[in-house]
1. Looking at segment B:34-59 only, could you name the residues that are among the polar types (S, T, N, Q) and open to solvent by less than 50 Å² (accessible area, probe 1.4 Å)?
2. Please go through segment D:10-28 and give me each residue that is open to solvent by 30 Å² or more (accessible area, probe 1.4 Å) and at the interface with another protein chain (Cβ under 9 Å from one of its Cβ atoms), ordered by number.
3. For B:MET46, are the conditions met, namely being among the aliphatic types (A, V, I, L, M), without any contact (Cβ under 8 Å) to a residue 60 or more places away in the chain and out of contact with any Ser or Thr (no Cβ under 7 Å at 6 or more places or on another chain)?
4. Just one of (1) more than 9 Å from chain A (Cβ to nearest Cβ); (2) surrounded by fewer than 20 Cβ atoms within 10 Å (Cβ to Cβ) trips up B:TYR31, so point out which.
5. Quickly run through segment B:34-48 and pick out the residues that are more than 9 Å from every other protein chain (Cβ to nearest Cβ) and closer than 12 Å to A:ILE53 by Cβ.
Number of protein chains: 4
Amino acid sequence: MNDNRRYAIKYLNMAKGQIEGILKMIEEDRYCIDISNQILASEALMRKANVEILHGHLKTCVKDAMVSGDGVEEKLEELRHTLTKMTK
Amino acid sequence: MNDNRRYAIKYLNMAKGQIEGILKMIEEDRYCIDISNQILASEALMRKANVEILHGHLKTCVKDAMVSGDGVEEKLEELRHTLTKMTK
Amino acid sequence: MNDNRRYAIKYLNMAKGQIEGILKMIEEDRYCIDISNQILASEALMRKANVEILHGHLKTCVKDAMVSGDGVEEKLEELRHTLTKMTK
Amino acid sequence: MNDNRRYAIKYLNMAKGQIEGILKMIEEDRYCIDISNQILASEALMRKANVEILHGHLKTCVKDAMVSGDGVEEKLEELRHTLTKMTK
């Protein structure tokens with residue numbers, strides 16, 4: 001497993017832990033803005049995880065395709081699609 | 001607990017379940033773009049949960065402040081801050 | 001015109017000026033990442049303008065509706081819709 | 001100039017035109033949510049322009065670096081930085 005994926009796992013586990021905390025905050029009827037802030041924080045961790053996955057993808061799958069010349073167009077189209085979804 | 005918070009709990013639990021699935025996908029060395037798509041899907045659930053929390057906040061805390069006249073400025077400044085963070 | 005709208009006009013004019021600069025950068029065949037950074041900067045200005053408009057909306061239209069009790073549901077539903085689009 | 005950049009120019013010009021329209025809406029004291037919706041629409045155009053620039057970047061600069069082996073790390077680090085900013 002490459003470093004990018006290890007970092008992604010770290011961020012995803014942190015986000016999961018935060019979600020458990022947020023669920024508890026809601027049960028404890030905590031203030032809305034405090035809950036919202038926590039949701040935003042765990043969203044940020046998800047985005048960091050995704051950047052790691054995509055960075056790793058560029059370093060491996062995309063690079064291999066570009067060097068070999070196999071499936072480059074497909075890889076680029078996938079990335080365009082992902083970029084569009086990420087910034088929708 | 002109001003409906004908004006119940007929906008928020010539903011979306012947060014769904015997002016948590018998806019994160020567990022994503023962690024498995026990484027362990028199984030699944031394709032990067034498939035993992036990325038799942039992360040984007042769980043991010044979308046987090047955003048839906050946050051919209052529910054803020055919608056509930058407007059309906060209760062903000063409305064009470066505006067009707068009573070107590071703490072309106074503070075509530076509005078909090079919302080501005082949250083809107084800025086949400087769209088950073 | 002309220003302060004929020006004056007700030008929104010300022011940010012929108014700045015964004016417009018940046019877009020003109022970006023168009024020039026593309027004509028001059030400047031480096032992609034430099035162009036992308038400028039687009040991200042002008043997007044940030046657009047978001048700031050939108051936060052001003054919504055902050056002003058909360059202070060005026062929403063507050064009036066909540067105090068008078070007229071059209072509150074409609075205002076809240078509009079805001080939910082806008083929040084969802086802002087964070088899509 | 002490649003197609004990506006031509007599309008980017010098209011989207012940027014559309015966004016610029018919309019901003020001019022939004023400025024007019026504010027001067028005409030139009031309803032806040034209608035203005036907000038227009039700002040969101042022009043933001044979406046900016047994002048589309050950015051996806052075109054980055055797609056073109058992948059097809060040219062990044063691909064050349066990966067095939068030649070020159071400056072790959074630098075290109076990947078730039079992309080990581082841009083992805084992080086795009087999804088902040």
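1. B:SER36, B:ASN37, B:SER42, B:ASN50
2. D:ASN13, D:LYS16, D:GLU20, D:GLU27
3. Criteria not met by B:MET46.
4. (1)
5. Selection gives B:ASP34, B:GLN38.
The values are calculated or read from the model by the stated rules, or taken from the named source; none is laboratory data. As the structure is a prediction and not an experimental result, all values here were calculated from the model. For neighbour counting, all protein chains shown are included, and Cβ atoms are generated from backbone atoms with ideal geometry for every residue, glycine included. Accessible surface is based on the protein model in full, side chains and every heavy atom, while ligands, DNA and RNA are left aside. Shrake-Rupley method; radii C 1.70, N 1.55, O 1.52, S 1.80 Å.
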